[in-house]
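*Asks:* Just dropping this structure here.
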Amino acid sequence: MKPALPGILLIEPPFYRLFKATYSLDRYPLSLGYLAGTIRKETDWQVNVYNADFVPNSEAAKVSYMAGVGFDHYLNNLEDLSRKIWQEIEAVIAKYQPRIVGISAKSPNFASATRLARLAKKVNPDILVVVGGSHLSMVGPEALKCPDIDVGVRGEGEQTIVELLHAVEQGRDFKDIKGIIYRDGTEIISNAPREYIENLDELCFPHESAPEVLIDYPKYPLSAFQNIFSIRGCAYNCFFCGSRKVWSRKVRFRSPESVVQEIRSLQKRNIHTVHFDDDTFGVTRKHIIDLCYALIQSCPGLRWSCELHVKLVDEPTIALMEAAGCYSIQIGIESGSDYILKEMRKNITIAEALRACEIIKRHDIILQTFFIVGFPQETEETLAETVAVMEEANCDFLVYSIFTPYPGTEAFDYCRAHGLVDDDYNISLYNHQSPANSFSMHIPSERFRELVGEIEKMVDQKNYIRSIKRTFSRHTFRRIRELGLAQSIQKGVKIFTGK
């Protein structure tokens with residue numbers, strides 16, 4: 001009988017839990033799901049997935065930029081490895097005794113990933129620590145300045161991790177493995193890049209192996225497994241985004257048949273709502289049309305959501321998406337200034353964005369609009385324009401964030417060139433709600449915080465009012481009118497909101 005191979009433990013580092021113990025990433029991380037499914041399919045290694053950012057019965061995370069709610073807790077938890085969360089992680093690593101720990105890291109949680117790597121080495125110095133994810137793909141060898149990281153994986157990891165496991169299993173060196181950066185004594189070696197996966201239909205369905213590999217699987221809500229993707233790659237070229245360094249600008253599509261097969265498998269597990277995790281859903285109208293017709297034909301009762309580029313919004317497309325079960329759309333408007341939009345290469349105008357909002361809302365689809373404030377070129381005038389568009393946009397929810405220059409992006413290089421980022425930039429201090437964020441060349445930090453404080457209050461108030469209005473839908477108000485209570489409730493809402 002062939003002896004069992006050592007195990008690999010794939011870990012999502014904590015981030016939300018560092019802000020507050022009851023905050024949580026209530027989802028199965030897709031990247032780890034794909035890796036785990038591929039490892040099970042193509043190797044004999046034992047594999048487990050540990051989402052260290054998950055707690056059962058969590059509350060919705062709310063991190064305030066102005067108040068810094070939770071940010072001090074985040075920094076304190078990040079620096080003190082004696083805290084309960086790190087003890088838990090150390091215990092899990094010790095329990096599973098893996099030969100390899102694989103960590104998926106984005107820029108906001110990279111600092112947490114380095115602490116996790118340190119804990120793995122504490123449990124067993126011989127553990128091979130492998131880090132992948134978008135941050136590694138963007139910064140490359142710089143990530144291995146962390147002495148506890150042995151191997152970095154750039155780009156897509158499914159084929160790379162299989163070759164790495166085979167090399168470890170056979171005692172071979174890593175010189176022929178494409179797509180990795182690794183430590184050879186005191187030298188850091190960058191191998192040739194790996195080609196992107198052309199046929200995405202060959203990939204596994206992440207949720208299928210979740211019951212066997214995901215630690216604490218029974219404690220997750222069904223909604224944790226509702227995220228899927230239909231493409232990899234982003235054809236757009238936004239100044240602040242690093243997606244193209246991870247997936248490239250060449251868009252690769254899954255076939256509608258493959259997407260439908262995965263959704264039908266989810267429906268058999270009583271999951272009837274999905275979210276497309278694509279950077280931008282569809283990318284081309286042809287793909288949207290083909291996929292929507294496949295969903296209409298093969299996935300009755302499905303409800304789904306996505307993020308859509310403004311350029312793809314027109315009446316026939318949204319009508320077809322609604323018919324196929326689309327109930328919620330997110331669009332990135334980002335700024336209310338055409339000047340800022342041009343500077344960031346967003347490839348839209350405010351007029352186009354507002355028109356897209358109107359089209360989506362005519363179909364009674366829930367609409368979220370994303371805005372970013374504090375771009376390097378931002379002025380008080382452009383911020384005022386953004387506020388005006390936030391007020392005008394016909395949407396259900398406003399989602400705003402503070403501009404953050406992530407290492408490896410053009411935005412980061414721009415900020416460094418203009419003296420907004422110095423050589424000792426600490427990635428752990430900056431994320432979209434960090435109170436330290438202030439990267440505008442034209443607005444002093446104190447004034448920026450004052451202006452953004454007002455924006456935050458406005459966004460919170462509008463979202464609250466709009467949520468009330470949506471709760472009291474047209475049908476609800478019709479029933480209230482029948483009971484003769486409409487005027488009383490409308491008066492109450494007016495007194496409560498001041499409008």
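The values are calculated or read from the model by the stated rules, or taken from the named source; none is laboratory data. The shown structure was predicted, so the numbers you read here are calculated from the model rather than taken from an experiment. A quick note on method: Cβ atoms are made from the backbone with ideal geometry, for glycine too, and the neighbour counts reach across all protein chains shown.
*Asks:* Show me the strands (runs of 3 or more DSSP E) entirely contained within segment 144-199 in which 1 or more residues are surrounded by fewer than 20 Cβ atoms within 10 Å (Cβ to Cβ) and not acidic (Asp, Glu). Give the steps one after another, and end with the answer.
*Replies:* On the way: elements: 151-153, 180-184, 187-190.
So the answer is 180-184, 187-190.
*Asks:* On to the next question. Within segment 315-337, restricting attention to residues that are surrounded by fewer than 17 Cβ atoms within 10 Å (Cβ to Cβ) and in contact with a helix residue (DSSP H, G or I) (Cβ under 7 Å, 6 or more places away or on another chain), which residue is farthest from residue 390 (Cα to Cα)? Steps first, please.
*Replies:* Restricting attention to segment 315-337, the residues satisfying the condition of being surrounded by fewer than 17 Cβ atoms within 10 Å (Cβ to Cβ) are 315-316, 319, 323, 327.
Cutting the leftovers down to in contact with a helix residue (DSSP H, G or I) (Cβ under 7 Å, 6 or more places away or on another chain) gives us 315, 323.
Numbers: 315: 22, 323: 28 Å.
Applying the filter and picking the extreme gives 323.
*Asks:* Of all residues in segment 276-305 being among the hydrophobic types (A, V, I, L, M, F, W, C) and in contact with a Ser or Thr (Cβ under 8 Å, 6 or more places away or on another chain), which is farthest from residue 231 (Cα to Cα)? I'd like the intermediate steps shown before the answer.
*Replies:* Going through segment 276-305, the residues among the hydrophobic types (A, V, I, L, M, F, W, C) turn out to be 276, 281, 283, 288-289, 291-292, 294-296, 299, 302, 304.
Cutting the leftovers down to in contact with a Ser or Thr (Cβ under 8 Å, 6 or more places away or on another chain) gives us 276, 281, 288-289, 291, 302, 304.
Details: 276: 9, 281: 8, 288: 11, 289: 14, 291: 11, 302: 19, 304: 16 Å.
That would be 302.
*Asks:* Another one. Name the single residue that is surrounded by the fewest Cβ atoms within 10 Å (Cβ to Cβ) among those in segment 8-43 being more than 26 Å from residue 200 (Cβ to Cβ) and without any contact (Cβ under 8 Å) to a residue 60 or more places away in the chain.
*Replies:* 22
*Asks:* Out of 404, 369, 386, I need the residue that is in the same structural domain as residue 463 (by TED's automatic domain parsing), crowded, with 21+ Cβ neighbours inside 10 Å and assigned to a helix (DSSP H, G or I). Which one? Full working, then the answer.
*Replies:* Working: 404 fails: assigned to a helix (DSSP H, G or I); 369 fails: assigned to a helix (DSSP H, G or I).
Just a single option satisfies the conditions, and that option is 386.
*Asks:* Does any residue of segment 229-240 turn out to be within 30 Å of residue 371 (Cβ to Cβ) and among the basic types (Lys, Arg)? Lay out the reasoning, then the answer.
*Replies:* Taking segment 229-240 and keeping what is within 30 Å of residue 371 (Cβ to Cβ), we get 229-240.
Filter once more, so that each one left must be among the basic types (Lys, Arg): 232.
For segment 229-240, residues within 30 Å of residue 371 (Cβ to Cβ) and among the basic types (Lys, Arg): present.
*Asks:* Can residue 455 be described as in the same structural domain as residue 240 (by TED's automatic domain parsing) and closer than 25 Å to residue 16 by Cα?
*Replies:* On the way: in the same structural domain as residue 240 (by TED's automatic domain parsing): yes; closer than 25 Å to residue 16 by Cα: yes.
It is true that residue 455 is in the same structural domain as residue 240 (by TED's automatic domain parsing) and closer than 25 Å to residue 16 by Cα.
*Asks:* List the number of the failed condition for residue 259; all other conditions in (1) β-branched (Val, Ile, Thr); (2) more than 21 Å from residue 105 (Cα to Cα); (3) surrounded by fewer than 20 Cβ atoms within 10 Å (Cβ to Cβ) hold.
*Replies:* (3)
*Asks:* Still on this model: Kindly evaluate residue 421 against the criterion of being assigned by TED's automatic domain parsing to the domain that holds residue 392, assigned to a helix (DSSP H, G or I) and either over 15 Å from residue 372 (Cα atoms) or out of contact with any His (no Cβ under 8 Å at 6 or more places or on another chain) (or both). Even if it seems obvious, please write down each step before you answer.
*Replies:* Numbers: assigned by TED's automatic domain parsing to the domain that holds residue 392: yes; assigned to a helix (DSSP H, G or I): no; either over 15 Å from residue 372 (Cα atoms) or out of contact with any His (no Cβ under 8 Å at 6 or more places or on another chain) (or both): yes.
No, not satisfied.
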